[in-house]
Amino acid sequence: MHAEAAHSVVRVRGLASACDRRTEATGFVYAPERVLLNAHAVAGVDKDLEVVLDDGRRFGARVVAFDPRADAAVLRVPGLPARPLPPARAVRTTAVIVGYRDGKRFPIALPVTVRAGVPAETYDIYNRVRVSRQVHRFQGADIGKGMSGAPLLTGEGRVMGMVFAKDTDKAGVGYALAAGEFAPAATAGRNATRTVSHGPC
């Protein structure tokens, strides 16, 4: 099931020219021609924004929803053929993270155990505004660079969260946004076609 779901998990690349930073992140298809990912991955990206499938096909992308408080954004990707991943009906205590680690061409699947629905006090992506989030704390895998935005999948290949951070003090521990946290951005971007401002890098 996760091998099939991997076809809907994409690699996102782009350039934020103002700070000379290249983006290497993961996203996943949640609606036709729409990719959900972390806002911090596309903040300030103004050149060469593209989505790459696991078969190597590349598609130009535009940011149509951007929420720096929730750390969620949506890309519109015209012509993207990948099928949307369905939302989970319920959270689970075991899951699999599928994403592109260290800029590799193919996604990897990492099984994890999950403590679901943990309240977290943190900041927006610019460390300016304090926010409260519901997150899933997972352990058992090193998510590695490039895996921000990776979906946290149930055994049936349904999305129960989206990876946004790793614990810098505890190896193999990380955090995923609960679905309710990125739902507003997902809703805003589902049918949007106009490019929106997506902040500085």
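Tally up the residues in the stretch 10-32 that are touching a residue at least 60 places away in the same chain (Cβ under 8 Å), part of a strand (DSSP E or B) and not aromatic (Phe, Trp, Tyr), please.
Total meeting the criteria: 10.
Each row is one residue, and each column tells you yes or no for (1) buried (at least 21 other Cβ atoms within 10 Å of the Cβ); (2) out of contact with any Phe, Trp or Tyr (no Cβ under 6 Å at 6 or more places or on another chain); (3) within 21 Å of residue 105 (Cα to Cα); (4) among the charged types (D, E, K, R).
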{"residue": "23", "(1), (2), (3), (4)": "yes, yes, yes, no"}
{"residue": "28", "(1), (2), (3), (4)": "yes, yes, yes, no"}
{"residue": "36", "(1), (2), (3), (4)": "yes, no, yes, no"}
{"residue": "41", "(1), (2), (3), (4)": "yes, yes, yes, no"}
{"residue": "48", "(1), (2), (3), (4)": "no, yes, yes, yes"}
{"residue": "56", "(1), (2), (3), (4)": "no, yes, yes, no"}
{"residue": "61", "(1), (2), (3), (4)": "yes, yes, yes, no"}
{"residue": "64", "(1), (2), (3), (4)": "yes, yes, no, no"}
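A quick yes/no check of all residues on (1) open to solvent by less than 80 Å² (accessible area, probe 1.4 Å); (2) under 16 Å from residue 167 (Cα atoms); (3) not charged (D, E, K, R):
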{"site": "75", "(1), (2), (3)": "yes, no, yes"}
{"site": "83", "(1), (2), (3)": "no, no, no"}
{"site": "89", "(1), (2), (3)": "no, no, no"}
{"site": "103", "(1), (2), (3)": "yes, no, yes"}
{"site": "111", "(1), (2), (3)": "no, no, yes"}
{"site": "118", "(1), (2), (3)": "yes, yes, yes"}
{"site": "128", "(1), (2), (3)": "no, no, no"}
{"site": "137", "(1), (2), (3)": "yes, yes, no"}
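Is it fair to say residue 86 is modelled with pLDDT of 95 or more and either over 15 Å from the mean Cα position of the chain (by Cα) or among the charged types (D, E, K, R) (or both)? Write out each step before concluding.
Working: modelled with pLDDT of 95 or more: yes; either over 15 Å from the mean Cα position of the chain (by Cα) or among the charged types (D, E, K, R) (or both): no.
It is false that residue 86 is modelled with pLDDT of 95 or more and either over 15 Å from the mean Cα position of the chain (by Cα) or among the charged types (D, E, K, R) (or both).
Given the conditions (1) in contact with a Lys or Arg (Cβ under 7 Å, 6 or more places away or on another chain); (2) of a type outside the set (S, T, N, Q); (3) open to solvent by 10 Å² or more (accessible area, probe 1.4 Å); (4) touching a residue at least 60 places away in the same chain (Cβ under 8 Å), and given that residue 175 satisfies all but one, which numbered condition is not satisfied?
Among (1) in contact with a Lys or Arg (Cβ under 7 Å, 6 or more places away or on another chain); (2) of a type outside the set (S, T, N, Q); (3) open to solvent by 10 Å² or more (accessible area, probe 1.4 Å); (4) touching a residue at least 60 places away in the same chain (Cβ under 8 Å), the lone unmet condition for residue 175 is (4).
Just to verify a result, which residue in the stretch 91-101, among those that are among the hydrophobic types (A, V, I, L, M, F, W, C) and crowded, with 19+ Cβ neighbours inside 10 Å, is farthest from the chain's Cα centre (by Cα)?
Here is the first cut: in the stretch 91-101, the ones among the hydrophobic types (A, V, I, L, M, F, W, C) are 91, 95-98.
Still in the running and crowded, with 19+ Cβ neighbours inside 10 Å: 95-98.
Details: 95: 16, 96: 14, 97: 11, 98: 10 Å.
So the residue we want is 95.
Please list, ordered by first then second residue, the pairs with beta carbon atoms under 6 Å, 6 or more apart or interchain, first in the stretch 104-115 and in contact (Cβ under 8 Å) with a residue 40 or more places away in the chain and part of a loop (DSSP other than H, G, I, E, B), second open to solvent by less than 60 Å² (accessible area, probe 1.4 Å) and small (Gly, Ala, Ser).
Sorted first by the residue in the stretch 104-115, then by its partner, the pairs are 107/6; 107/99.
The values are calculated or read from the model by the stated rules, or taken from the named source; none is laboratory data. Only a predicted model underlies this, so the values are computations on that prediction, with no experimental measurement involved. Note that we place each Cβ from the backbone using ideal geometry, even for glycine, and neighbour counts take in every protein chain shown. All accessible areas refer to the heavy atoms of the entire protein, side chains included, with ligands and DNA or RNA removed. Shrake-Rupley method; radii C 1.70, N 1.55, O 1.52, S 1.80 Å.
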